[in-house]
Structures are given as C-alpha cells and as structure tokens.
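One structure below.
Just so it is clear, none of the values below were taken in a lab; they were calculated from the coordinates. Here the structure is a predicted model, which is why all the values come from computation and not from measurement. Methodologically, a virtual Cβ is constructed for each residue, glycine included, from the backbone with ideal geometry; neighbour enumeration extends over all protein chains shown.
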Amino acid sequence: MTAARYDITIDQGSDFNLELIVKESGEARDFSRDTSNPGSEKAWGARASYRKNLESETSYTIQAVVTTDTTGKIVLQHNRDHNTSAAAGTYYYDLELYQYDDSTAAQEAFSNNGTAPAEFSVTRLIGGTLTLRREVTR
C-alpha cells in the first residue's frame, strides 16, 4: 500500500494535534497488544519526523501516539515548546506504524543495555509537506 499524502501546517508557539483513524478493510485497526503467543508478545508503535529536505541529517520529531484499544486511533502531537529550534519554512515529514517485540526478554534487554526491540513490520502511513509558520507574538 502506498502512503497517503497529507500536507500539514504547524504554527510555532502553538500546540498541534492531529487525530488519525487507521482502517483496514473498512474496519478500525486493532492496536491491542498481541499476547496470543506467550514469550513473544507484540505491540504497536508509531513515529514521525520532519526534515528540511529528504537528504538532511537534521530531523525534528513529531510525537506519534498509538492508542492501545480497537479504535485505530493515532495522534500526532507537536507541543508549542518542541518547534522553537526549527526555522520557519517548508519541510518534508512522514508517519510510520510499526509492530515490535514487547516480550519480557525484549523489555529487559532494553532496560539493561538499551538494546532496541526487534521490529516485525513497518508501514509508512502518510507523508507530505509540513509548513512551520513563524509566530508573531513571542
């Protein structure tokens, strides 16, 4: 499946929230933790970032929150104090959904030595341009 294109605008100094409902075959995607195979539990996560150009080394994070229920909701959040270091202008962004190892062993490896959990699948959901508008009242 090709990612959808959706352009967004964020005002510097203001909170930004965008709620998305992910559907699969017309039904809301179930983001519940998969515990059907004890010892290899799976959970869902989302990540989003933006860059000035596609090859830029500098990226800025947009918080992406996956609900832990059956509503299929993902919320993109960019708090007013998270966008002060990026200059106003046009950027490129995308949002990815991923399923990862949420077993006890994976959690322990992460807390003990920072080893990131294995990812089982990654899907790019949306992408496009992100316009960051400079605030006047500072």
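What's the Cα-based Rg to Rh of the chain, Rh via Kirkwood? Taking Rh as the inverse mean 1/r over Cα pairs, Rg/Rh reads 1.02. For LYS73, the lysines whose Cα comes closer than 22 Å to its Cα, not counting residues fewer than 8 places off in the same chain, are LYS23, LYS42. For LYS52, the aspartates and glutamates whose Cα falls under 20 Å of its own Cα, not counting residues fewer than eight places away in the same chain, are ASP7, ASP11, ASP81, ASP94, GLU96, GLU135. In a simple Cβ point-charge model (Lys, Arg +1; Asp, Glu -1; nothing else charged), the chain has a dipole of about 540 debye relative to its Cα centre.
With angles folded into 0 to 90 degrees, how steeply does helix 104-113 sit against the dominant principal axis of the chain? Use alpha carbons for both and round to 10. It works out to around 50 degrees.
Do the sum for the chain: with -39,500 (n - 2.57) for every DSSP H run of n ≥ 4, divided by all residues, what is the mean residue ellipticity at 222 nm, to the nearest 500 deg cm²/dmol? Don't skip to the end; give the middle numbers.
Numbers: 1 runs with 10 residues, N = 138.
Calculated from helices alone, the mean residue ellipticity at 222 nm is -2000 deg cm²/dmol.
Residues whose amide H lies under 5 Å from that of LEU125, counting only those 5 or more places away or on a different chain, are LEU95, GLU96, LEU97; hydrogens are built 1.01 Å from N in the peptide plane.
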